[in-house]
Amino acid sequence: MRCPACGHLADKVVDSRVAKDGLITRRRRVCEDCDRRYTTYERIEIELPYIIKKDGRREAFDRAKITSGLKRACEKRPISMEQIDHVASDVERALAERGEKEVASREIGATVMLKLKDLDEVAYVRFASVYRAFRDVSEFMEELEQLIQRRRKRVRRGPKRHPQRPSSARR
Ligand SMILES: [Zn+2]
């Protein structure tokens, strides 16, 4: 910290106290040059960056979107909700630790991909193939939703489109 009296940049912490139920740490410091004492306050930065979408629009980070994208990518894979939640937390933490005000949505997608790679190869490939083409998490999720619906319809329609041949045809 720069000394408010002489501008010197080296100081020593002489006292450190936690305040406001652990949300703030108050530190008494002494300038190593002129011995002036002053106080600093340290608080945890919990603000997450804004997400800049592909079209330039900006929206608040939404953990629920990450979770639902993961759930879709992990559909019918041996992955528990707890594991999905863990990945979402990792992504959230990675974003918070960047300490930036804004992050491009494609970077969030890239972070999700990286975490998925460790978790499940199939889920990773699903996410990556769609995400890479769309470069936008929300766009990706919309498309994936459509893909899944199409697949469900196909599964439901399946037996009708391929009816069992009558037994006489086998002869
Ligand atoms: Zn000083």
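Quick notes
- Condition met for CYS3 (within 16 Å of the ligand (Cβ to nearest atom) and closer than 29 Å to LYS101 by Cα): yes
- Residues being exposed (fewer than 12 other Cβ atoms within 10 Å of the Cβ) and under 29 Å from ALA94 (Cβ atoms) - total across segment 24-41: 1
Residues are listed down the side, and each one gets a yes or a no for (1) among the β-branched types (Val, Ile, Thr); (2) part of a strand (DSSP E or B); (3) near the ligand (Cβ under 10 Å from one of its atoms); (4) touching a residue at least 24 places away in the same chain (Cβ under 8 Å):
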position	(1), (2), (3), (4)
GLY7	no, no, yes, no
ARG17	no, yes, no, no
VAL30	yes, yes, yes, no
THR39	yes, yes, no, no
GLU42	no, yes, no, no
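- Residue in segment 109-117 that is of a type in the set (Ser, Thr, Tyr), more than 16 Å from the ligand (Cβ to nearest atom) and in a loop (DSSP other than H, G, I, E, B) present: no
- Selection of segment 73-94 for residues being under 14 Å from MET113 (Cβ atoms) and in a helix (DSSP H, G or I) yields ALA73, VAL87, ALA88, ASP90, VAL91, ALA94.
- Filter pass, LEU48 being loosely packed, with under 14 Cβ neighbours inside 10 Å and among the aliphatic types (A, V, I, L, M): no
- Residue count for segment 22-47 under the criterion of being farther than 27 Å from LYS101 by Cβ and under 30 Å from the mean Cα position of the chain (by Cα): the result is 0.
Throughout, read-outs are computed from the coordinates displayed, never taken from laboratory work. The model shown is predicted, which means the values in this text are computed figures rather than measured ones. All Cβ positions, even for glycine, are placed from backbone atoms using ideal geometry, and neighbour counts span all protein chains on display.
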